[in-house]
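What follows is one structure encoded as structure tokens, with my remarks underneath.
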Amino acid sequence: MKSTGIVRKVDELGRIVLPIELRRTLDIEIKDALEIYVEGPHIILKKYEPACIFCGDAKNIIVYKGKNICPACMAELKK
């Protein structure tokens, strides 16, 4: 992990503010979803990008009945 030198306090509701410089660098926009991971004592935030439930590809995702499927897997399912 790379330290940014940025320190933020958690407010009464458990929120933290991600600085605008960090959001710009990581292309995080208002209302973007973030995934939360825990690895030992570390909390990891990652911009959520939906991926295919079968192969994990995140390009050209189609939502079918609430599930994310890529075109290649969709074509394979149609066979």
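Overall, the accessible surface of the chain at a probe of 1.4 angstrom is composed of carbon and sulfur to the extent of 57 percent. With a simple spin-label model that places each label point 7 Å from the Cα along the Cα-to-Cβ direction, the separation between Glu35 and Ala75 comes to 2.5 nm.
By the rule of a C-alpha distance below 19 Å, with chain neighbours fewer than 8 residues away ignored, the aspartates and glutamates paired with Lys47 are Glu21, Asp27, Glu29, Asp32, Glu35, Glu39, Asp57. On a per residue basis, the chain carries 91 Å² of accessible surface, using protein heavy atoms and a 1.4 Å probe. Solvent-accessible area of Ile62, all protein chains in place: 70 Å² (probe radius 1.4 Å, heavy atoms, ligands and nucleic acids excluded).
Using only Cα coordinates, the Kirkwood hydrodynamic radius of the chain works out to 15.5 Å. Across region 2-13, rounded Karplus estimates of 3J(HN,Hα) from the backbone phi angles (6.51 cos²θ - 1.76 cosθ + 1.60, θ = phi - 60°) give 9, 6, 9, x, 8, 10, 10, 8, 7, 7, 4, 9 Hz, Gly and Pro being marked x.
To the nearest 10, the accessible area of Thr25 is 110 Å² with a 1.4 Å probe.
A crude spin-label estimate for the pair Asp11 and Ala51, with each label 7 Å from Cα along the Cβ direction, gives 3.3 nm. Projected label points at Thr4 and Arg24, each 7 Å from Cα along the beta carbon direction, are separated by 1.3 nanometres. As a calculated quantity, the FRET efficiency between His42 and Val63 at R0 = 25 Å, using C-beta atoms, amounts to about 0.20.
The values are calculated or read from the model by the stated rules, or taken from the named source; none is laboratory data. Note that the coordinates shown come from a computational prediction; the quantities given were computed from them, not determined experimentally. Heads up, the Cβs are rebuilt from the backbone with ideal geometry, glycines too, and the neighbour counts pull from every protein chain shown. We work out accessible area using only protein heavy atoms, side chains counted, and drop any ligands, DNA or RNA first. Shrake-Rupley method; radii C 1.70, N 1.55, O 1.52, S 1.80 Å.
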